[in-house]
Amino acid sequence: EALAEARHRIAIGNLPTVLVVGSHEPRKNHVAVVNAAERLWREGMSFSLTFIGGNSWKSEEFQSMVQNLRWHRPIAVLRALSDELLWAAYRLAYCTVFVSLHEGFGLPLAESLASGTPAVTSDRGSMAELSDEGGALVVDPRDDDAIANALRRLLRSRTYRDRLAAELEGRRWKTWEEYAAELWDFLVEKSPPVAGDG
């Protein structure tokens, strides 16, 4: 049922859906994603672009771009979805784009890869780490050409896209408890001894 509802709300015709999840603030780099998409649309490529997330500080440029494009391009913005519908959206997407300039963790990227959906993502920080085992194309998030080229490569070759998806099939994802245990071990091992201990 969630897949059917997500298809109704997110899909635009039979076009492959490029999904972007996250608030529309500058560090999320959504303006660069819109610019890359517009370049590919002008080249004649067929796909839809759907953003899921709310407006945030300094999101006016993004809002203006979407408003101008929505009349003649297959672009949509959804403000909020239930967790069930969000997971269905990941499953339905052809690929996701998550090219933040910096992230603490990059939860939408982790969710995309965990759902088996390949991504275009940043080549730095936690995003690069999450992509180490495959399933994603990593790019310099400050290079609009690189973002467009990676998205073009995925959209032009279903075989390549499916190869990235296959890299995700056997991947084991850590639980929150495992992440917490690793962090605890790191902090305890790196912390200097307290005077008077032992």
Margin query: If I filter region 158-178 for residues that are in contact (Cβ under 8 Å) with a residue 60 or more places away in the chain and of a type in the set (Lys, Arg), do I get at least one hit?
Written below: yes
Next item on the list: Restricting attention to region 89-102, report how many residues are open to solvent by 40 Å² or more (accessible area, probe 1.4 Å) and either touching a strand residue (DSSP E or B) at 6+ places or on another chain (Cβ under 9 Å) or assigned to a loop (DSSP other than H, G, I, E, B) (or both).
Entry: 2
Note to self: I'd like the full set of residues that are open to solvent by 80 Å² or more (accessible area, probe 1.4 Å) and of a type in the set (Asp, Glu), limited to region 168-184.
What the structure shows: GLU169, GLU177, GLU182
Notebook entry, point to check: Counting only residues that are more than 13 Å from ASN149 (Cβ to Cβ) and in contact with a helix residue (DSSP H, G or I) (Cβ under 7 Å, 6 or more places away or on another chain), which one in region 39-49 is surrounded by the fewest Cβ atoms within 10 Å (Cβ to Cβ)?
Noted result: PHE47
Margin query: Restricting to region 103-138, name every residue that is in a helix (DSSP H, G or I) and under 19 Å from ALA32 (Cβ atoms).
Written below: PRO108, LEU109, SER112, GLY125, SER126, MET127, ALA128, SER131
Next item on the list: Would you mind finding the one in PHE47, PHE62 that is among the aromatic types (Phe, Trp, Tyr) and modelled with pLDDT of 95 or more?
Entry: PHE47
Notebook entry, point to check: When you scan region 126-150, how many residues do you find that are surrounded by 15 or more Cβ atoms within 10 Å (Cβ to Cβ), under 15 Å from GLU43 (Cα atoms) and free of Cβ contacts under 8 Å to residues at least 12 places away in the same chain?
Noted result: 1
Margin query: Under 6 Å between Cβ atoms, which residue pairs at least 6 apart in sequence (or on different chains) link something in region 51-62 that is more than 19 Å from LEU19 (Cα to Cα) with a partner that is loosely packed, with under 14 Cβ neighbours inside 10 Å and at pLDDT 85 or above?
Written below: none
Next item on the list: Keeping to region 116-125, report how many residues are farther than 13 Å from LEU151 by Cα and crowded, with 18+ Cβ neighbours inside 10 Å.
Entry: 1
Next item on the list: Assess whether ARG153 counts as being surrounded by 12 or more Cβ atoms within 10 Å (Cβ to Cβ) and under 17 Å from the mean Cα position of the chain (by Cα).
Entry: yes
Check: Before we move on, is TRP71 among the aromatic types (Phe, Trp, Tyr) and open to solvent by 70 Å² or more (accessible area, probe 1.4 Å)?
Finding: yes
Next item on the list: Can you tell me which residue among ARG142, ARG124 is among the basic types (Lys, Arg), farther than 19 Å from LEU19 by Cβ and touching a Pro at 6+ places or on another chain (Cβ under 9 Å)?
Entry: ARG124
Check: Got a sec? Which of GLU5, GLU25 is of a type in the set (Asp, Glu) and open to solvent by 40 Å² or more (accessible area, probe 1.4 Å)?
Finding: GLU5
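The values are calculated or read from the model by the stated rules, or taken from the named source; none is laboratory data. Values in this document were obtained by computation on a predicted structure and should not be read as measured data. As a convention, Cβ positions derive from the backbone with ideal geometry for all residues, glycine included, and neighbour counts pool all protein chains shown. Quick note on the areas: whole protein, heavy atoms, side chains included, nothing else; ligands and nucleic acids left out. Shrake-Rupley method; radii C 1.70, N 1.55, O 1.52, S 1.80 Å.
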